[in-house]
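Each remark here refers to the structure printed beneath this line.
The values are calculated or read from the model by the stated rules, or taken from the named source; none is laboratory data. Computed from a prediction, not measured in an experiment: that's the story for all the values here. Methodologically, a virtual Cβ is constructed for each residue, glycine included, from the backbone with ideal geometry; neighbour enumeration extends over all protein chains shown.
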Amino acid sequence: MKESTKNIFKMHGWRVDRAVHNYIYFTLYDVYVVLFLFAGRLLERFFSNVRLATRAFGMVFERYHCKVITMDDATKILTLNEDVVLGPDKTERVIPWQYANKIILKEPDYIAVMDCPCRKSRGEDGCRPLDVCMAVGRTTAQFWLEHGARFNAHRITQDEALERMKAAHERGDVITAFFKVATGGRTGVICSCCSCCCGAMEGMRIAGKLKGGRRITMMAPSSYVAVIDEESCATCGKCESVCSFGAITVNDGAVVQSGTACMGCGLCVERCPNSARSLRHDPAKGDPLDIDLVKEKLG
């Protein structure tokens, strides 16, 4: 048995079922995503008015989910020089879920990158580049390196990780930190998600069409919301074009924004040519995954 496999079983302790799930999940990453989306689409097509379908999505989302993070907060994670072990978040302010709700980044300078299963599963129609998923911390990163040859897994430095993240954000990708029960209920996987390929975003769109499904979510907002300086805004529409969540519309020379739909990713702020947009913390959306602030709240 490879060292990384042993470490996965050690991490899960007596929950051997979760260790096996962890193993299958990352060795058959793309197949896993395909099956999840296939099941979701079937529920949407044939059982959208049955509450059982909504409950099924809710159960999955409680155990497998992500939080949007800004470029600044992602930078803090990718430049850590010490271990971070925090949680569980019992107040659900930072991580608003019951099960996978810990922030554990051991040896955070040990980073691996591999092909995105969402993009890979879509074949030639998937966005490029493929290698936009990162594992921060030895436990998961080493497992990727030892088992992820089919996903082109390889190790990168913190500087390289930061450059990749910046390039992804410039392409319009949303940065997310994923949490999953089967990976120890922790974060450590940082992804760059596009709305056209991301399984999490599609899963949310499907869930929103189910009976009562709008009350459940797989993706938590960053806890920031974009605000507009109307005097500086030129209504050019660049903010609308880059928003992955349909939170912004420009009509008749006016910008209309949904504070509820805004996930606070910061892309519209960076794209605005007149610096007319900024991010503001919205307490109603919880607390951000800002390592410095989280240490104070969960440390």
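A few remarks follow.
- Residue within segment 100-110 that is in contact with a Pro (Cβ under 6 Å, 6 or more places away or on another chain), within 15 Å of ALA177 (Cβ to Cβ) and of a type in the set (S, T, N, Q) present: yes
- Qualifying residue in segment 170-192 (condition: of a type outside the set (S, T, N, Q), touching a Pro at 6+ places or on another chain (Cβ under 6 Å) and under 23 Å from THR75 (Cβ atoms)): no
- Hey, TYR29 under 17 Å from the mean Cα position of the chain (by Cα), buried (at least 18 other Cβ atoms within 10 Å of the Cβ), touching a residue at least 24 places away in the same chain (Cβ under 8 Å) and under 27 Å from GLY266 (Cα atoms) or not: no
- Residue match in segment 61-75 (condition: of a type in the set (S, T, N, Q) and within 24 Å of GLY213 (Cβ to Cβ)): no
- Qualifying residue in segment 136-151 (condition: part of a loop (DSSP other than H, G, I, E, B), of a type outside the set (Ser, Thr, Tyr) and crowded, with 20+ Cβ neighbours inside 10 Å): yes
- GLY208 meets the conditions (1) surrounded by 18 or more Cβ atoms within 10 Å (Cβ to Cβ); (2) without any contact (Cβ under 8 Å) to a residue 60 or more places away in the chain; (3) not hydrophobic (A, V, I, L, M, F, W, C) in every case but one. The failed one is (1).
- Scanning segment 42-68 for residues that are basic (Lys, Arg) and either at pLDDT below 90 or under 14 Å from CYS118 (Cβ atoms) (or both) gives ARG45, ARG51, ARG55.
- Within segment 77-105, the set of residues being buried (at least 18 other Cβ atoms within 10 Å of the Cβ), of a type outside the set (Val, Ile, Thr) and on the phi < 0 side of the Ramachandran plot comprises LEU78, LEU86, ASP89, PRO96, TRP97, ALA100, ASN101, LYS102, LEU105.
The rows are residues; the columns are (1) in contact with a strand residue (DSSP E or B) (Cβ under 9 Å, 6 or more places away or on another chain); (2) buried (at least 21 other Cβ atoms within 10 Å of the Cβ).
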{"position": "GLY188", "(1), (2)": "yes, yes"}
{"position": "CYS197", "(1), (2)": "no, yes"}
{"position": "TYR224", "(1), (2)": "yes, yes"}
{"position": "ALA234", "(1), (2)": "no, no"}
{"position": "GLY246", "(1), (2)": "no, no"}
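- Residue within segment 155-164 that is surrounded by fewer than 21 Cβ atoms within 10 Å (Cβ to Cβ) and part of a loop (DSSP other than H, G, I, E, B) present: yes
- Residue in segment 1-19 that is nearest to TYR110 (Cα to Cα), counting only those that are among the small types (Gly, Ala, Ser) and within 24 Å of the chain's Cα centre (by Cα): SER4
- Conditions (1) part of a helix (DSSP H, G or I); (2) outside the structural domain of ARG18 (by TED's automatic domain parsing); (3) hydrophobic (A, V, I, L, M, F, W, C); number of the one not met by ALA167: (2)
- Matching residues in segment 230-276 - criterion: being of a type in the set (Gly, Ala, Ser), at pLDDT 90 or above and under 30 Å from ILE206 (Cα atoms): SER241, SER244, GLY246, ALA247, ALA261, GLY264, GLY266
- Considering residues of segment 55-76 that are over 24 Å from GLU163 (Cβ atoms) and small (Gly, Ala, Ser) only, the residue surrounded by the most Cβ atoms within 10 Å (Cβ to Cβ): GLY58
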